[in-house]
Amino acid sequence: MKDALDNILRYWKDCMVDPRGGFYGHRDAHDVLDPDAPKGAILNARILWSFAAAARATGREDYRAMARRALDYCLDHFIDRENGGVYWSLTADGAPLDTKKQFYAIAFMIYGLSEYYRMDPDPRVLDEAIALFRVIERFSRDREKGGYIEALTRDWQPIADMRLSDKDANSSKTMNTHLHILEGYANLLRVWPTEECKEAVASLLHIFYDKIENPQTHHLGLFFDDDWHCEDGGIQSFGHDIEASWLLLEAAQVLGDEALLQESLAHTRKIAEAALEGRCYDGSMVYERHADGRYDNEKHWWVQAELMVGLLYLAAYHQQPQRAAEARQTWQWIDSHLVDHEHGEWQWSPGSPKEKAGFWKCPYHNSRSLLEAMALASKV
């Protein structure tokens, strides 16, 4: 798996380093660089996490150097030093472009910063992560009805369009943002085990089990209003379900509350098994089932990566040893259909014209899946 990991990260190291600072924002499916593409907070925070996590797992100095490069750029350019939080995007030259405060992006910056701190315990980096945690808690958390709102303006005022992307509903609360706030908080908890961080992680786990998980189907709702009325019409996102199944359990493991861990084991097994409704005979997974019953059968790179980890978690923590062989089948499918063995990285999906690197196409899902496979090898 180390060679497969390096296949991904050497692409970012060799093809995406911007001499102006940080990393370029886009390469298309044919590996043509757009040096003038905007730079997104999510992409850069994920690059930070990926290289820091890989450096910590392998000890490689070249990964460590790339993590430091990503850290410096994020702290120097993406952090809003006037109002707090993180800009959504920058120009290619590093100037603020879209200055809205999307809490999903702030959560990913916490994730990247806390992982860097795990690699190199620099107190300044931890302070930056804690400051962003407190920004989310102050401006996003709904203390009355529970959960977290999606977005605000640069100076924390209401914003009309709260969506992460054009394909999302303009809902005030979403599963995806809650999942990645939880992910960032759980990683921060590893290095900052305070009562306020523990309380936030526990609260998020309860939100998933009480509000987001459908008690009949065990699929996760995607879009909600302020009062937690589901607004997605019954879409089933298999990739998000399988990703959540292991991230929720991981957060409960980090938290260390035995009662909540047992509750999480019960819920996450059902969520994972519901997600496997989207698994195909060849080991791949389709994207989602629409509200009208039609399927989106595209085999997105990130869905396959999350499927592999979800299967390994079922084998390691849910007494389903047969899932380890299914995870190996998924990896064989990925290796045959997505991995670019010549140039590095993975394709978006088989035959897709979409980018190899971009605002959403990053080294996070795929490198994380390989790091998780390495970490779980002794358990399955």
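Calculated accessible area for the chain comes out at 38 Å² per residue, all protein chains present (probe 1.4 Å; ligands, DNA, RNA ignored). For the chain, modelled as a GNM whose springs connect Cα atoms under 10 angstrom apart, the maximal fluctuation among Leu189, Leu265, Leu97 occurs at Leu97. Note on the chain: with neighbouring protein chains present and a 1.4 Å probe, carbon and sulfur make up 48 percent of its accessible heavy-atom surface. Taking 17 Å as the straight-line reach from the Cα of Lys2, the lysines in range (excluding those fewer than 8 positions away in the same chain) are Lys13. Computed over the chain with a Gaussian network model linking Cα atoms closer than 10 Å, the most mobile of Gln102, Gln320, Gln347 is Gln320.
Can you give the direction-averaged projected area of the convex hull of the alpha-carbon atoms in the chain, in nm²? Don't jump to the answer; show the numbers that get you there.
Numbers: hull surface 69.0 nm².
Projected area, direction-averaged: 17.3 nm².
Of the GluC sites (Glu not before Pro) in the stretch 130-196, the ones in a loop by DSSP (not H, G, I, E or B) with at most 13 other beta carbons within 10 Å are Glu144. Qualifying trypsin sites (Lys or Arg not before Pro) in the stretch 271-322, where qualification requires a DSSP coil assignment and no more than 15 other C-beta atoms within 10 Å, comprise Arg294.
Would you work out if the stretch 12-121 is rounded, prolate or oblate? Take a ≥ b ≥ c from the square roots of the eigenvalues of the alpha-carbon gyration tensor; rounded if a/c is under 1.5, else prolate when a/b is larger than b/c, oblate otherwise. Can you show the working numbers first?
Working: a/c = 1.92, a/b = 1.10, b/c = 1.75.
Note, shape of the stretch 12-121 comes out oblate.
Rg and Dmax of the stretch 194-311, both derived from C-alpha coordinates alone, stand at 14.6, 46 Å.
Counted over the stretch 260-352 with a bin width of 10 Å, the fraction of Cα pairs per bin, in whole percents, is 16, 44, 29, 10, 1.
Which whole number of Å³ per residue matches the convex hull of the alpha-carbon atoms in the stretch 51-108? Could the numbers behind the result be given before it?
Values: hull volume 4.9 nm³, N = 58.
Hull volume over Cα atoms, normalised by residue count, gives 85 Å³.
For the chain, adding -39500 (n - 2.57) for each run of n ≥ 4 DSSP H residues and dividing by the number of residues yields -16500 deg cm²/dmol at 222 nm.
Comparing Lys211, Lys101, Lys173 in a Gaussian network model of the chain, where Cα atoms under 10 Å apart are tied by springs, the biggest mean-square fluctuation is seen for Lys211.
With a cap of 13 neighbouring Cβ atoms within 10 Å, and only residues DSSP puts in a loop, list the chymotrypsin sites (Phe, Trp or Tyr not before Pro) found in the stretch 274-361. All intermediate terms of the calculation are to be shown ahead of the outcome.
Working: sites: Tyr281, Tyr287, Tyr295, Trp301, Trp302, Tyr313, Tyr317, Trp331, Trp333, Trp346, Trp348, Phe359, Trp360; in loops: Tyr281, Tyr287, Trp348, Phe359, Trp360.
Those that pass, being in a loop and sparsely packed, are Tyr281.
The values are calculated or read from the model by the stated rules, or taken from the named source; none is laboratory data. Treat the numbers as computed from the prediction; the structure is a model and nothing was measured. Using ideal geometry, Cβ is built from the backbone for each residue, glycine included, and neighbour counts are taken over all protein chains shown. With ligands, DNA and RNA removed, areas are computed over all heavy atoms of the protein, side chains included. Shrake-Rupley method; radii C 1.70, N 1.55, O 1.52, S 1.80 Å.
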